[in-house]
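Values in this text are rule-based calculations from the coordinates and carry no lab data. None of these values were measured; they are calculated from a predicted model. Here the Cβ positions follow ideal geometry from the backbone for every residue, glycine too, while neighbour counts run over all protein chains shown.
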Amino acid sequence: MSNKQVCKIISLYVRGLGNSTKRSSMFTFLKHQNATIYFLQEAYLELSDESIWKNEWGGEMFFFSWHLPR
């Protein structure tokens, strides 16, 4: 009998998660994947969105934002 531990990682470039319907659909899809870690790349995330996303996801979530000067 082996005690294998599996770490399933999903990384997606997503667009439009500011839209609550698309975000809800994406979060539902991801929860059905049963991954250990999810990386979502969203180019248009606003600081004010973070608390909304955390609440909707219902689990731990970390954010990193990179803004280039225009």
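A few comments on the model shown:
- From helices alone, the chain scores -10000 deg cm²/dmol at 222 nm; the rule is -39500 (n - 2.57) for each run of n ≥ 4 DSSP H residues, then divide by the residue total.
- Candidates per chymotrypsin sites (Phe, Trp or Tyr not before Pro) in segment 1-30, loop by DSSP, up to 10 other Cβ within 10 Å: none
- Cα-based reach from LYS22 at 29 Å (exclusive), listing lysines while leaving out same-chain residues under 8 positions away: LYS8, LYS31, LYS54
- Two-decimal log10 I(q)/I(0) for the chain, as the Debye equation yields it once each C-alpha is a single scatterer, q = 0.27, 0.28 Å⁻¹: -1.52, -1.61
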